[in-house]
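Working notes, beginning with the structure itself.
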Ligand code: TYD
């Protein structure tokens with residue numbers, strides 16, 4: 001399976017009653033042990049985020065509120081996901097370049113990550129990512 005194909009949408013449980021909805025994420029739906037959680041919010045409509053890859057990090061990305069586009073690129077092919085549901089998580093594996101754009105007003109994007117923040121795990125330049133990605137094929 002290609003690195004891009006291992007990225008996928010995961011449907012999360014959704015418990016709805018007349019008091020509203022509740023979604024949770026727990027093992028075995030979690031593909032990795034969570035060591036960090038962060039969230040993006042107050043993103044201006046035309047801002048772009050991401051524009052990097054990670055050597056080892058795995059992530060789950062959830063549009064808890066609002067919507068955004070996530071373009072994934074494994075150095076060979078690309079795929080765009082529109083995240084717009086709090087009961088759906090996008091799994092992103094290692095060695096995937098990601099670009100985040102088209103944030104709807106009020107969007108909150110939560111990210112569960114397999115490692116603590118580590119700048120040395122980032123590829124900030126696309127050409128560096130491409131070179132490393134060819135070596136990882
Ligand atoms: P970055 O990962 O580039 O954010 P995005 O992909 O959303 O554009 O991080 C932006 C800044 O925040 C950068 O200086 C690193 C810092 N940062 C942390 O300190 N801890 C974290 O967990 C994350 C994700 C970022």
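Report whether or not residue 2 is touching a residue at least 40 places away in the same chain (Cβ under 8 Å), away from the ligand (no atom under 16 Å from the Cβ) and under 14 Å from the mean Cα position of the chain (by Cα). Criteria not met by residue 2. The single condition among (1) within 30 Å of residue 136 (Cβ to Cβ); (2) surrounded by fewer than 17 Cβ atoms within 10 Å (Cβ to Cβ) that residue 22 does not meet is (1). Total residues in region 1-23 satisfying the condition of being within 15 Å of residue 92 (Cβ to Cβ) and outside any loop (DSSP other than H, G, I, E, B): the figure is 7.
Filtered by the rule that a residue be within 14 Å of the ligand (Cβ to nearest atom) and more than 23 Å from residue 115 (Cβ to Cβ), region 48-81 gives 48, 69.
Table: residues versus (1) in contact with a strand residue (DSSP E or B) (Cβ under 7 Å, 6 or more places away or on another chain); (2) closer than 21 Å to residue 122 by Cβ.
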residue	(1), (2)
22	yes, no
28	no, no
36	yes, yes
45	no, no
60	yes, yes
77	no, no
95	yes, yes
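When we screen 105, 45 for residues that are modelled with pLDDT under 95 and more than 14 Å from the ligand (Cβ to nearest atom), the only hit is 45.
Being more than 17 Å from residue 1 (Cα to Cα) and in contact with a helix residue (DSSP H, G or I) (Cβ under 8 Å, 6 or more places away or on another chain) is true for just one of 116, 56, 85. Which residue is that? Residue meeting the stated conditions: 56.
Checking each residue in region 25-69 for being free of Cβ contacts under 8 Å to residues at least 12 places away in the same chain and either within 15 Å of the chain's Cα centre (by Cα) or buried (at least 17 other Cβ atoms within 10 Å of the Cβ) (or both) picks out no residue at all. Does residue 72 satisfy being more than 16 Å from the chain's Cα centre (by Cα), in contact (Cβ under 8 Å) with a residue 12 or more places away in the chain and farther than 23 Å from residue 22 by Cα? When the stated conditions are applied, residue 72 does not pass them. Inspection of region 29-41 finds a residue satisfying the criterion of being within 21 Å of residue 133 (Cβ to Cβ) and within 16 Å of the ligand (Cβ to nearest atom).
The values are calculated or read from the model by the stated rules, or taken from the named source; none is laboratory data. Here the structure is a predicted model, which means the values were calculated and not measured. Every residue, glycine among them, receives a Cβ derived from its backbone with ideal geometry; neighbour counts consider all protein chains shown.
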